[in-house]
1. Restricting to segment 42-67, name every residue that is surrounded by 12 or more Cβ atoms within 10 Å (Cβ to Cβ) and among the polar types (S, T, N, Q).
2. Within segment 401-411, can one find any residue that is surrounded by 21 or more Cβ atoms within 10 Å (Cβ to Cβ), outside any loop (DSSP other than H, G, I, E, B) and small (Gly, Ala, Ser)?
3. Of the residues 232, 242, 283, which single one is buried (at least 17 other Cβ atoms within 10 Å of the Cβ), under 20 Å from residue 200 (Cα atoms) and touching a Ser or Thr at 6+ places or on another chain (Cβ under 9 Å)?
4. Assess whether residue 182 counts as being surrounded by fewer than 16 Cβ atoms within 10 Å (Cβ to Cβ), free of Cβ contacts under 8 Å to residues at least 12 places away in the same chain and under 18 Å from residue 248 (Cβ atoms).
5. Kindly state which strands (runs of 3 or more DSSP E) lie completely within segment 253-364 and contain at least 2 residues that are at pLDDT below 95 and more than 28 Å from residue 406 (Cβ to Cβ).
6. Just to check your reading of the model, which residue among 260, 306 is under 26 Å from residue 327 (Cα atoms) and buried (at least 16 other Cβ atoms within 10 Å of the Cβ)?
7. Can you find, within segment 365-386, the residue that is farthest from the chain's Cα centre (by Cα) among those that are among the aliphatic types (A, V, I, L, M) and either part of a strand (DSSP E or B) or within 15 Å of residue 429 (Cβ to Cβ) (or both)?
8. State whether one or more residues within segment 309-320 are farther than 21 Å from residue 371 by Cβ and surrounded by 15 or more Cβ atoms within 10 Å (Cβ to Cβ).
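The values are calculated or read from the model by the stated rules, or taken from the named source; none is laboratory data. All figures in this text were calculated on a predicted structure; none of them were measured in a lab. Positions of Cβ are backbone-derived with ideal geometry, glycine not excepted, and every protein chain shown enters the neighbour counts.
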Amino acid sequence: MKKVMFIILILFIIVLFSMNKFGLSGTMEEEVIELSSKEIIINNLKSLKEKNNNENNEFNYKEDKKYQEIISLGAEAVPILMELYKNKELDDSTGVIAAEVIQEISDFNITKEYDIEWDKPEQFFKIWSGIEKTDEETREKLSKDVITLLDKYPDMATTIHKSNIKIPELEHMIPQGLTLTKEHIIITAYDKKGETNSKCFVLTKTGKLVNIVTLDNSSHVGAIAYDKENALFWIPENDGRLNAYNVDEFYTKQEVIPKYSFDYVGDKLKNYENKLKNLIAYLTIKDNKLYLGSFDDKEKGLVKVYEIIKDDLGEITLNHLKEFKVPPQVQGIEFYESKEETYMLLSCSYGRFNPSYLHIYKYEEEIQDYGNSLIQRVTLKLPPMLEQTTKTQNHLYALFESKAKEYDNCLEKIGYICVFDLDKIFSRWDELEKTEEITESAEEVIQ
């Protein structure tokens, strides 16, 4: 009997031990459920909101452990909070807390960095959605006006390099043309009222104004091209005339006159506001050739190509080579070499409330109509009123006229020269060609 009682006692002890070990005894601990990061964030935001409501807005949620717990999730929390916003799972109260969390984790306070005040969480998240597409180095070189547009223009957000070169105060002048020398940036501008002659603003590469040059005419000056080989600036005048100025005089004089003037080159480049007159609306220079173009808001434009010829006496003449058509609304033309291909970049815009477009084509000598919708191209959608673009080896500089006082009612003003990363822009061609390769392969399989 004693032996049986002993065995029962031993079994009872074993059972008790097992129950304690697996949490099954009467004093067992409650089962611990591990929450996901998203569930932690949602629960903590709700808790912080309730505490804030109960304490009459005197509650400092940033000092609460629930807030700090979200912060401790680090970078993992940011996409979750963005997802909650996009899915409309945040109200005004939790949205404000989420915005503060994102800025603290990212160490980038938009109010402090850009003096951007936001009243509603939606304002913050729209700005942040654009910022997210830029890297940290780029972010620090963007102006306030550009930062606020990145969400609306994702093509801009994913390709921009900087926007910290301020366009000088132009008073009643309207900026049009843009070119680069080794050390300077030159902007052309005209007087909308026609009271003064057109001007060129000479800036350092950082945007410091070093000279203002007055031209000998009051033309639209829609573009400017730097001719390094001949030390000339090519600038169009009224009635289809093209002038060439001595570069050195732009650094030493306040008024300049042309070294060369060509009256005939703008023939057939019609002024869209007065078809009885000619107007060179934009131009560029490539391989000792001038490309001169016309603008039209509805019809295709025309580009004329001239070879620059320098004789034994150093005199310049122009020889017409060919012409081709381009889409409507072209404001600027530029060329770029990449992977043994030549590309043509057309900046297009019309109106202060319409987006601009940068169209990029593979340039081929035999093509006569780039306005044909069947021709392959890559397009970037950008803010309104894009004018001339010009390039360095790796970057594309773009000028917008929206900051001019004449266009005060433009809602998306840009007062800085925007610089884009050409490698990022031309990665779009790789994506396009891969897509077409996949499409072609699919068609072969179907056949």
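1. Hits for segment 42-67 are 43, 44, 47, 52.
2. no
3. Within the list 232, 242, 283, the selection yields 242.
4. yes
5. Numbers: elements: 260-262, 274-278, 282-286, 289-293, 301-310, 316-326, 330-338, 341-348, 356-362.
Output list reads 330-338.
6. Testing whether each residue is under 26 Å from residue 327 (Cα atoms) and buried (at least 16 other Cβ atoms within 10 Å of the Cβ) leaves just 306.
7. 375
8. yes
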